[in-house]
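Trainee: So that we are looking at the same thing, I have put the structure below in structure tokens.
The values are calculated or read from the model by the stated rules, or taken from the named source; none is laboratory data. Treat the numbers as computed from the prediction; the structure is a model and nothing was measured. All Cβ positions, glycine included, derive from the backbone under ideal geometry; neighbour counts span all protein chains shown.
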Amino acid sequence: MLELEELDRRKYLRQITLPGFGEEAQRKLKNASALVARAGGLGGPVALYLAAAGIGRLVILHGGNLTWTNLNRQILQAQDWVGKPRADKIRESILRLNHDIDLTVVPEDPDDRNLDTWAPTVDILCDCPPTYEERFAMNRASLRHRKPMVEAGMSDMEGILTVFVPGQTACLECLCPEVPPEWSGSKFPVLGAVSGALGCLAAIEAIKVLTGFGEPLTGELLTMDTLRHTYRKLKLPRDPHCRACSGIG
Ligand SMILES: [Zn+2]
């Protein structure tokens with residue numbers, strides 16, 4: 001167990017003083033690790049705020065080169081980086097904010113193979129890809145390796161957020177067994193502030209699970225419509241016939 005150092009107490013003073021957080025939660029965070037799948041408009045803020053909060057270790061999966069159309073939401077990137085590997089700028093941006101964390105940025109999008117390498121090495125998964133294929137791969141990895149997973153999804157001005165715990169709560173396929181017929185593919189419209197807001201909420205959930213602080217959204221689904229600012233919290237039961245998780249107790 002790594003102990004807090006004097007610099008940690010200074011850097012994280014303003015959250016250590018949160019009622020119910022304290023040095024104990026900060027120490028847990030320092031000894032914790034998370035995998036963030038895709039660090040774009042949604043996962044970028046998740047990774048950045050986990051780093052800002054002093055998580056001990058981060059693994060990020062994100063492939064491809066930066067395009068002009070990424071820039072309205074991918075806040076870890078930079079305009080002069082178009083055409084270059086997004087993973088390199090993600091690494092630079094996060095370490096610029098906090099170089100005391102152990103950071104691995106894998107220049108690949110998540111799939112069954114790389115998730116089998118990396119998921120067993122972390123305490124929690126954060127599911128932020130733009131495609132259902134990658135999200136189902138994350139769900140399988142969460143169940144296979146018994147890792148809790150923060151599920152954050154958005155499209156247009158709306159978003160959803162929940163925390164899956166294998167064997168205890170619903171999984172992604174309980175919530176969404178098939179790709180929805182109305183799904184238009186990964187080129188859905190997005191306002192960067194909406195993906196950013198949801199990414200911040202997802203980081204809060206990850207910190208809660210990792211530290212025991214507060215009450216995570218386990219067994220509950222938060223839905224948000226930022227156009228009207230309508231927020232609802234619904235019960236999210238397990239599907240006893242779920243193809244993915246029904247055999248997991
Ligand atoms: Zn399920």
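Trainee: Quick check on region 195-218. Is at least one of its residues within 16 Å of the ligand (Cβ to nearest atom), in a strand (DSSP E or B) and either out of contact with any Leu (no Cβ under 9 Å at 6 or more places or on another chain) or not acidic (Asp, Glu) (or both)?
Mentor: yes
Trainee: From the residues in region 70-94 that are without any contact (Cβ under 8 Å) to a residue 40 or more places away in the chain and among the hydrophobic types (A, V, I, L, M, F, W, C), which one is surrounded by the most Cβ atoms within 10 Å (Cβ to Cβ)?
Mentor: Per the stated criteria, the residue is 76.
Trainee: Looking at residue 75, is it closer than 20 Å to residue 195 by Cα and hydrophobic (A, V, I, L, M, F, W, C)?
Mentor: Yes; evaluated as a whole, the condition is true for this residue.
Trainee: Specify the residue that is surrounded by the fewest Cβ atoms within 10 Å (Cβ to Cβ); the eligible residues are those in region 141-180 that are among the small types (Gly, Ala, Ser) and within 12 Å of the ligand (Cβ to nearest atom). Full working, then the answer.
Mentor: Let us first name the residues in region 141-180 that are among the small types (Gly, Ala, Ser), namely 141-142, 152-153, 155, 159, 167, 170.
Cutting the leftovers down to within 12 Å of the ligand (Cβ to nearest atom) gives us 142, 167, 170.
Details: 142: 27, 167: 12, 170: 23.
The residue in question is 167.
Trainee: Here's a follow-up. Within the group 54, 64, 20, 41, which residue is over 22 Å from the mean Cα position of the chain (by Cα) and touching a residue at least 24 places away in the same chain (Cβ under 8 Å)?
Mentor: 20
Trainee: Mind checking whether some residue in region 219-235 is modelled with pLDDT of 95 or more, within 16 Å of the ligand (Cβ to nearest atom), surrounded by 13 or more Cβ atoms within 10 Å (Cβ to Cβ) and not hydrophobic (A, V, I, L, M, F, W, C)?
Mentor: Yes, region 219-235 has at least one match.
Trainee: Going residue by residue through region 186-193, is there one that turns out to be on the phi < 0 side of the Ramachandran plot and either within 11 Å of the ligand (Cβ to nearest atom) or in contact with a strand residue (DSSP E or B) (Cβ under 6 Å, 6 or more places away or on another chain) (or both)?
Mentor: yes
Trainee: Restricting the first residue to region 162-185 and requiring it to be in a strand (DSSP E or B), which pairs with a second residue that is charged (D, E, K, R) and within 10 Å of the ligand (Cβ to nearest atom) meet a Cβ separation below 8 Å and a spacing of at least six or different chains?
Mentor: none
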